[in-house]
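The values are calculated or read from the model by the stated rules, or taken from the named source; none is laboratory data. Because the structure is a prediction, the values reported are computed rather than measured. Glycine also receives a Cβ, built like all others from the backbone with ideal geometry; neighbour counts cover every protein chain displayed.
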There are 2 protein chains.
Amino acid sequence: MDLELVTVGTELLLGFTIDTNAAEIGRAVSAVGARVVRRASVGDDVQAIREAVADGLRRTGFVVVTGGLGPTTDDVTKRAVAELFDAPLEVHEEYLRELKDRFARYGRAPMPPSNRSQAEVPRGATVLHNPRGTAPGLLLEGELGAVMLLPGVPLEMRLMVEAHLVPLLERLAGSDPSARRVTRSRTLRTTGITESGLASGIAQVEQKLEDVSLAFLPGWDGVDLRLTAWNLPEERADVVLDRAEAALRPILGEHHYGVDETDLAGVVIDRLRERDLTLAVAESCTGGIVGARLTAMPGASDVFRGAVAAYANEIKIHLLGVPAGLIEAEGAVSEAVARAMAHGVSQACGSSAAVAVTGIAGPAGGTVEKPVGTVWLAATVGALARSRRVHFPGDREEVRHRAAQAALDLLRRLLS
Amino acid sequence: MDLELVTVGTELLLGFTIDTNAAEIGRAVSAVGARVVRRASVGDDVQAIREAVADGLRRTGFVVVTGGLGPTTDDVTKRAVAELFDAPLEVHEEYLRELKDRFARYGRAPMPPSNRSQAEVPRGATVLHNPRGTAPGLLLEGELGAVMLLPGVPLEMRLMVEAHLVPLLERLAGSDPSARRVTRSRTLRTTGITESGLASGIAQVEQKLEDVSLAFLPGWDGVDLRLTAWNLPEERADVVLDRAEAALRPILGEHHYGVDETDLAGVVIDRLRERDLTLAVAESCTGGIVGARLTAMPGASDVFRGAVAAYANEIKIHLLGVPAGLIEAEGAVSEAVARAMAHGVSQACGSSAAVAVTGIAGPAGGTVEKPVGTVWLAATVGALARSRRVHFPGDREEVRHRAAQAALDLLRRLLS
């Protein structure tokens, strides 16, 4: 089942808006075994839209269009597709009532006249309910093929892809789901190892992987390994991914911390919770990133007590009890100070575990011995302690984010 | 000057990769007065690439293609375009030498055989230097029109757009830069006012704006107002934007905090620095976001002393000196506690200014009187103090980010 995608909006062509809808629809479509074979973006222009949709119909017979369904004069998608299907726009009385009701419900009656156009529908089209917005989706079918129009607002689009597009594709694929071929992927997340280290480690297993391709995706959080099963029967795709994951995991070892969207901060919180531990954080160059990431996890309060961003040395001394002489002797970015910060914050917050970061994020502050990117990390869990010196590449933002991830990782490894 | 853009990669169609290159090229092209009239994405498939490029050439005579220039077997862009131009691929000896030199320079000699294909060039094509990668860009010109091939790696693409595409477009536009028409935009950032409040406030001025359109872009940081001057002579575009900004600023008043990419945290740091003040931050529900945003600014250490993320109530009591009885009587999310946190953190860190946030980010913890999204903010500057209760919509992530922005904004307003 091939289809094409047309995203509409002059802002897309000008680059003011990044086309995230196209990626999202691509994922949803391939997950149910259909395939986007081409996508196009055109401006808010009747002729350009009509041509792009006609091109797509000629090639595949099924086109999904997003955007240009709003109430303003530059929203012309409906008109373009109505022209193509030679179907005049008519007021859909039922939808008009629904629209008026909706405005009344939100205390915005009477409905602005401009919204009336949203109840105009090409003759013969099916109206698709939009739970979050005033623009209905539409499905047109004719000799040229089928066109589904969806709103461009990402949240509305997403809900309607689930509610209307995916079920339609499943219906079109036929009654036998086992006959369906899908493309699915799974990401194994790793951190603390380089891309080339990972590549050489798994080279042998990689060659033996059947029906699965591997992509290395290096980023600030580490290197993600994306496994993709291409164009396989649905059940087999999952089996193949499970098998590949099982083959890779022993090699990834401790570097592997989760699958797909898993955040390392969530892994750390879960491990602390399992062991009934509480956590405090001392940050210098990261200034709050470690605390912010941990508290982004719902339920963080079970284990997270607090954090001190000790940016100025006096704060390290007064709030964390780091001896002034230690900072003077070793420097604020040193193993001794990192350890003292971890110890101090755990005392100050009454926690059983702690992690500390101190480093030089740049652009200023580097020296020959401690260039920009130098970071000392320390973690404690009860009487256990571990520390580590790392040197990160990149600018201030990159160094800070990598340092926060490495701090969480040091703690995770100490907890295992 | 119209052109089309074709981005190549099966990963784009599957939605594994978001097409940021397309947006970036759109911005670069419109800034020099040319116009992307359609863009298409196709998979790593010779026929699909050839057809998409041919379609674009038929319509505009100039197509920019990104992606598919790497050394692996699925990189077929060069082959597709060579077929279309009927120009056989030939080894470009000079580039091959350069490539080998480059591998030698990085201690990776001999060059892997797969990279040899990157020195193959369609007969007659101009090789465009790629300062950051091994795939050269190419320019093909013929009866069909012109095609520029650029690598898909965003950093390489970006540098080559500046070095090759923009100068070519400027040359094509002719020798008289004043004859060039461009589309330019400028964003006025606001916070602390709703989209509809802003819209009604500026309705009168909006009607009088000449040659500038206005877009409201609401987000977690506030509502951005994007002014766009469409298709104007280059000099006039800037004049028109200056004039529109001058007309809007008095109406935006205190809600306006910066232009384009300005971060509110940077504005706060600048104001503190100007007045020789130092800052400390107390965070509860935001857990470190405010500190992280402030310390993201290079030079933050001039004014930022430190932050305490007092997640557990005991930390509010022990590190910030909030009276236990106050928390019991008023609740941790209350005006009195927010004020006590600001006062306490300024004492603990020895700062002259402070800001505090305490709220219920959810999903749990809401009550009838204080539902999820309720946040109390307090700020102090010397003897001045201000506090504010707000209620934010959205999930945990949204509430936390909006609360951090509102905290910075409370401090900014107190500083002005």
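B:G344 falls short on exactly one of the conditions (1) under 27 Å from the mean Cα position of the chain (by Cα); (2) at negative phi; (3) buried (at least 18 other Cβ atoms within 10 Å of the Cβ), and that condition is (1).
Residue-by-condition table, conditions (1) crowded, with 23+ Cβ neighbours inside 10 Å; (2) free of Cβ contacts under 8 Å to residues at least 60 places away in the same chain; (3) away from chain A (no Cβ under 14 Å):
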residue: B:Y257; (1), (2), (3): yes, no, yes
residue: B:L272; (1), (2), (3): yes, no, no
residue: B:C285; (1), (2), (3): yes, no, no
residue: B:A296; (1), (2), (3): no, yes, no
residue: B:V303; (1), (2), (3): yes, yes, no
residue: B:V308; (1), (2), (3): yes, yes, no
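Every test in (1) within 12 Å of chain B (Cβ to nearest Cβ); (2) assigned to a strand (DSSP E or B) is passed by A:A354 save one, and that test is (1). Note on segment A:371-416: among residues that are of a type in the set (K, R) and either on the phi > 0 side of the Ramachandran plot or outside any strand (DSSP E or B) (or both), the one that is surrounded by the fewest Cβ atoms within 10 Å (Cβ to Cβ) is A:R413. The residues of segment A:132-150 that are within 17 Å of A:F103 (Cβ to Cβ) and surrounded by 17 or more Cβ atoms within 10 Å (Cβ to Cβ), listed by number, are A:G133, A:T134, A:A135, A:P136. Going by the structure shown, is A:D276 in the same structural domain as A:A300 (by TED's automatic domain parsing) and surrounded by fewer than 20 Cβ atoms within 10 Å (Cβ to Cβ)? Taking the combined requirement at face value, the residue satisfies it.
A single member of B:T126, B:T191, B:T183, B:T134 is touching a residue at least 12 places away in the same chain (Cβ under 8 Å) and touching a Ser or Thr at 6+ places or on another chain (Cβ under 7 Å), and it is B:T183. Out of curiosity, is B:A229 assigned to a helix (DSSP H, G or I), touching a residue at least 40 places away in the same chain (Cβ under 8 Å) and within 21 Å of the chain's Cα centre (by Cα)? No: the conditions fail for B:A229. Scanning segment B:159-197 for residues that are assigned to a helix (DSSP H, G or I), among the small types (G, A, S) and either under 29 Å from B:P131 (Cα atoms) or within 18 Å of the chain's Cα centre (by Cα) (or both) gives a single hit, B:A163.
Note on segment A:239-251: residues that are surrounded by 15 or more Cβ atoms within 10 Å (Cβ to Cβ) and either free of Cβ contacts under 8 Å to residues at least 60 places away in the same chain or assigned by TED's automatic domain parsing to the domain that holds A:A354 (or both) amount to 7.
Taken over segment B:200-226, the criterion of being in contact (Cβ under 8 Å) with a residue 60 or more places away in the chain and outside any strand (DSSP E or B) is satisfied by B:W220, B:D221. With respect to B:V322, is the statement that it is modelled with pLDDT of 95 or more, over 30 Å from A:A361 (Cβ atoms), more than 10 Å from chain A (Cβ to nearest Cβ) and within 35 Å of the chain's Cα centre (by Cα) true? Judged against the criteria, B:V322 is not a match.
For (1) within 24 Å of the chain's Cα centre (by Cα); (2) within 19 Å of A:W376 (Cα to Cα); (3) not assigned by TED's automatic domain parsing to the domain that holds A:R226, each residue gets a yes or a no:
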| residue | (1), (2), (3) |
| --- | --- |
| A:G253 | no, no, no |
| A:A282 | no, yes, yes |
| A:T286 | yes, yes, yes |
| A:V290 | yes, yes, yes |
| A:V308 | no, yes, yes |
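Among the residues of segment B:350-370, is any surrounded by 22 or more Cβ atoms within 10 Å (Cβ to Cβ) and either acidic (D, E) or in contact with a Pro (Cβ under 8 Å, 6 or more places away or on another chain) (or both)? Yes - at least one qualifying residue is present in segment B:350-370. Whenever a residue of segment A:389-402 is in the same structural domain as A:V375 (by TED's automatic domain parsing) and among the aliphatic types (A, V, I, L, M), its partners that are modelled with pLDDT of 95 or more and assigned to a helix (DSSP H, G or I), lying with C-beta atoms within less than 9 angstrom and at least six residues away or across chains, give the pairs A:V390/A:R402; A:V390/A:A403; A:V390/A:A406. For the criterion of being in a helix (DSSP H, G or I) and buried (at least 18 other Cβ atoms within 10 Å of the Cβ), A:E156 passes.
Considering (1) under 25 Å from A:L264 (Cβ atoms); (2) within 14 Å of another protein chain (Cβ to nearest Cβ); (3) β-branched (V, I, T), the lone condition that A:V337 does not fulfil carries the number (2). For segment B:361-371, residues that are closer than 11 Å to B:V390 by Cα and of a type in the set (V, I, T) total 0.
On the basis of being touching a Gly at 6+ places or on another chain (Cβ under 8 Å) and small (G, A, S), does B:A310 make the cut? Here the answer is yes, as B:A310 does meet what is asked.
Does B:V381 satisfy the condition of being within 14 Å of chain A (Cβ to nearest Cβ), out of contact with any Gly (no Cβ under 8 Å at 6 or more places or on another chain) and closer than 30 Å to A:A361 by Cα? Spelling it out, it is not the case that B:V381 is within 14 Å of chain A (Cβ to nearest Cβ), out of contact with any Gly (no Cβ under 8 Å at 6 or more places or on another chain) and closer than 30 Å to A:A361 by Cα. Taking the criterion of being surrounded by 19 or more Cβ atoms within 10 Å (Cβ to Cβ) and farther than 17 Å from B:V37 by Cβ, the only residue of segment A:39-59 that qualifies is A:L57. Has segment A:146-157 got any residue that is modelled with pLDDT of 95 or more, touching a Phe, Trp or Tyr at 6+ places or on another chain (Cβ under 7 Å) and of a type outside the set (F, W, Y)? Checking segment A:146-157: at least one residue is modelled with pLDDT of 95 or more, touching a Phe, Trp or Tyr at 6+ places or on another chain (Cβ under 7 Å) and of a type outside the set (F, W, Y).
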